[in-house]
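The values are calculated or read from the model by the stated rules, or taken from the named source; none is laboratory data. In this text, all values refer to a predicted model and were calculated from it rather than measured experimentally. FYI the Cβ positions are ideal-geometry reconstructions off the backbone, even for glycines, and counts take in every protein chain you see. Heads up: the accessible areas ignore ligands, DNA and RNA and are worked out on the full protein's heavy atoms, side chains in. Shrake-Rupley method; radii C 1.70, N 1.55, O 1.52, S 1.80 Å.
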Amino acid sequence: MRVLVVDDQYINRYLLEKILEGNGLEVVSAVDGIDAFEKVQAGRIDLIISDVLYPRMDGFQFCREIKSNPAYKHIPFVFYTAAYTEEKDQEFAFRLGADRYILKPTDPSEFINIIKGLIAEYPELSGFSSDPALMKEEQYLSEHNSRLFHQLEKKLIELEELNKALRRSEERYRSLFENVNDAIILHEILPSGEPGRILEVNTVACKRLGYSREEMLEKKISDIETSESSTRYSEMQPDAETPRVTSFEGEQVAKDSTVIPVEINAHLYYENGTGLCLSVCRDITVRKRAMNELSRALSQINRNIYQMATIGDKIRNPLAIIVSTCEECCGERTEVVHSVVQNIDEFISELDQGWVESEKVRVFLQKQYGIGSQEMNHPTAF
């Protein structure tokens with residue numbers, strides 16, 4: 001048996017071909033009604049399986065051409081569609097002479113059982129209960145246009161819903177883009193690797209740098225970065241296959257020449273062959289100030305530790321001489337001197353303990369923040 005499959009989508013035709021061929025049927029294919037009608041005229045066709053929605057003579061028109069032609073009206077005609085799914089669509093198809101109306105998606109085993117059931121009836125098919133030729137041209141055009149118009153209405157409603165969803169998505173994106181606390185800058189990356197012009201910015205970036213959005217979009221990324229930051233940008237290249245993310249600290253220059261330290265998370269990617277960089281820039285002025293204060297505090301701790309480490313010897317050595325001198329003199333006040341020296345020595349021991357505790361604090365801060373290491377390891381520099 002030779003089956004004609006009609007569908008303008010290649011993947012749909014391919015799947016039907018494989019299902020039918022796998023069940024011992026010979027298959028020829030067509031992409032629309034005109035192509036299909038030519039295939040019918042060119043050779044023997046025993047069964048037609050057709051979609052409804054395709055260009056150049058749709059499925060309803062093609063079915064009417066077949067069923068109104070005495071030479072071809074005996075060919076069983078099956079609609080297989082995902083677009084025209086309402087009961088009135090099926091009623092119209094059956095009035096045109098269709099034998100089966102199958103909705104996509106249908107399980108392949110169920111689909112082939114329907115086709116086999118129709119084939120089993122094939123030897124007895126000499127006519128059909130309804131004669132499509134009896135449907136007057138005016139009535140056919142009216143119902144056909146009605147089905148097309150109804151389908152168009154459905155598509156327009158679906159499109160409107162998609163547009164609404166898209167607008168909601170855009171609104172959410174814009175809200176996130178504008179209300180995030182960090183500056184967001186999108187700029188291009190030139191084929192040479194140099195950072196190019198700015199393509200988009202959020203309100204935070206404009207306010208921080210003191211420019212209007214229009215002014216920002218007239219600039220290149222190098223216009224708002226220090227030379228060191230611009231160099232870091234030029235070292236970054238997006239990967240043609242996989243987006244890259246990199247982070248570094250840089251400096252941005254505001255309209256009033258204020259230099260703002262920033263932490264930059266750069267997302268590098270390609271879009272339509274153009275290299276792009278989406279930078280999320282966090283102002284770290286307060287963090288930098290705090291780190292500088294901490295560095296100064298650690299330096300002071302280092303100096304204090306050094307002083308405490310040396311003060312004991314500076315005091316104990318003179319005390320030893322005093323004690324030795326008193327013992328040689330054998331004076332009445334020797335015991336008093338010994339008592340005072342012992343008190344001073346205990347005080348120095350407390351200083352030594354403070355030195356040990358301060359050393360622990362210094363090591364912790366050095367390990368926790370990773371600053372002041374060089375200064376702490378060289379106390380003699382103070």
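What are the residues whose amide H is under 5 Å from the amide H of Leu199, where those residues sit 5 or more places off or on another chain and H is modelled from the backbone?
Under 5 Å from the amide H of Leu199 lie the amide H atoms of Leu186, His187, Glu188, each far enough along the sequence or on another chain.
Say the cut-off is 31 Å between C-alpha atoms; which of Lys255/Lys288; Lys67/Lys88; Lys164/Lys220 go over it?
Listed pairs above 31 Å: Lys164/Lys220.
What is the set of long-range amide H partners of Val262 at a cut-off below 5 Å, with H atoms built 1.01 Å from backbone N?
Long-range HN contacts for Val262: Gly250, Glu251, Gln252, Ile284.
How much accessible surface does Val40 have with a 1.4 Å probe, in Å² rounded to 10?
About 10 Å², ignoring ligands and nucleic acids.
How much accessible surface does Glu38 have with a 1.4 Å probe, in Å² rounded to 10?
Counting only protein heavy atoms, the figure is 110 Å².
Would you work out the relative contact order for the range 4-72, in percent, from Cα pairs under 8 angstrom that are 6 or more residues apart?
Once normalised by length, the contact order is 36 percent.
Hey, could you get me the Stokes-Einstein D for the range 40-88, Kirkwood radius over alpha-carbon pairs, 4 °C and 1.567 mPa s, rounded to whole µm² s⁻¹?
112 µm²/s
For Ile102, which sequence-distant residues (separation of 5 or more, or a different chain) have an amide H within less than 5 Å of its own amide H, given hydrogens modelled in the peptide plane?
Answer set, sorted by chain and number: Phe79, Tyr80, Thr81.
With all protein chains present and a 1.4 Å probe, how do Glu293, Glu263 order by accessible area, largest first?
Output order, biggest surface exposure first: Glu293, Glu263.
Working out 0.36 nm times the residue gap between Ala297 and Asn181, then minus their Cα-Cα distance, what length gain in nm do you get to one decimal?
Stretched out fully, the Ala297 to Asn181 stretch lengthens by 38.8 nm.
With a probe of 1.4 Å, find how much accessible area the range 1-109 has per residue, and write the answer as a whole number in Å².
Here the per-residue accessible area is 44 Å².
So which GluC sites (Glu not before Pro) in the range 52-88 pass both tests, a DSSP loop state and at most 16 other Cβ atoms within 10 Å of the Cβ?
Hits after loop and neighbour filter: Glu86.
Note down the magnitude of the dipole of the range 1-83 about its Cα centre, charges +1 on Lys and Arg C-beta and -1 on Asp and Glu C-beta and zero elsewhere, to the nearest 20 debye.
So the dipole magnitude of the range 1-83 works out to roughly 260 debye.
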